[in-house]
Amino acid sequence: MNTVETFIEILKFYKEMGAEFLELKQDDPGLLLNQIHNEIKQCTKCDLHKTKSNYVPGEGSLRPDVFFIGEGPGETEDRFGRPFIGKAGQLLDKIILKMGYTRESVFIGNIIKCRPPNNRTPLKDEVEACIPYLKSQIEVLKPKVLVCLGKVAFDNLMGQSHPISKVRGQRFDYQNIPVIPTFHPSYILHQRSKQEISGAKWKVWEDMQKVLEIIR
Ligand code: URA
């Protein structure tokens, strides 16, 4: 039993003991997110569950200003069941801090919740099987802005296909929630020269300024 489930059981016990003033709210985001994550952890809708070590549902605030969406778990994320905790994640942490947030005050998730073998790009049927979980997470968490990290995140959320360099920093909408696409942190890490690295970092920072403007 996880923390939320334990809490619900304790609440039920007190209600049975006559504490009628205690209410179990069915639309509580913690409760709903917990249900989604429990479903993810039992998912067999595509073959990736066979090769993964851990499901990576996502984590963070239940009422985030920003929901960062990546592609899918890498090796470290697969090992620990947590999103963006490898090298790209360390860079994402820095971006989040620079925006004035912490990992805990935003939400971090992915298009797919299981690591594809050798970190290959997720296949169409894998995305189709998995993306309803992300859409449910968005519906429950109601973030003020969605940040798509890279082409895979943006194209699959929006059902479009564009070079990320063409769309980054522009505002789109998903279910009336502003969407800002930007480069994936791995793209920054894969630049060859220091100049290219700082160029890419600067562009991401420009995009994050737009995110902050929307929130303000
Ligand atoms: N890259 C992603 O897109 N997601 C993660 O969780 C980690 C690395």
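Scanning the chain for long hydrophobic helices, with DSSP H runs required to stretch 18 angstrom or more by C-alpha along their axis and to average at least -1.0 on the Kyte-Doolittle scale, returns 3-16, 124-141, 194-215.
Put simply, region 49-121 fits an ellipsoid with semi-axes of 22, 12, 9 Å; these come from the alpha carbon gyration tensor as the roots of five times its eigenvalues, largest first. Think of the chain as a dipole: +1 on every Lys or Arg Cβ, -1 on every Asp or Glu Cβ, centred on the Cα centre; then among 190, 74, 143, 190 lies furthest on the positive end. Taking amide H as placed 1.01 Å from N in the peptide plane, the amide H of residue 85 sits under 5 Å from that of 77, each at least 5 places away or on another chain. If r is the Cβ-Cβ distance from residue 54 to residue 135 and R0 is 22 Å, what FRET efficiency results, to the nearest 0.05? Calculated value: 0.50.
Note that the chain, at 10 °C in a medium of 1.306 mPa s, gets a Stokes-Einstein diffusion coefficient of 88 µm²/s from its Kirkwood radius over C-alpha pairs. Report summary: the helix-based calculation at 222 nm, which adds -39500 (n - 2.57) for every DSSP H run with n ≥ 4 and divides by the residues of the chain, gives -14500 deg cm²/dmol.
Read the figures in this text as sums done on the coordinates, not as results from a lab. Quantities reported herein were computed from a predicted structural model and do not represent experimental measurements. No Cβ is skipped: glycine too gets one built from the backbone with ideal geometry, and neighbour counts run over all protein chains shown.
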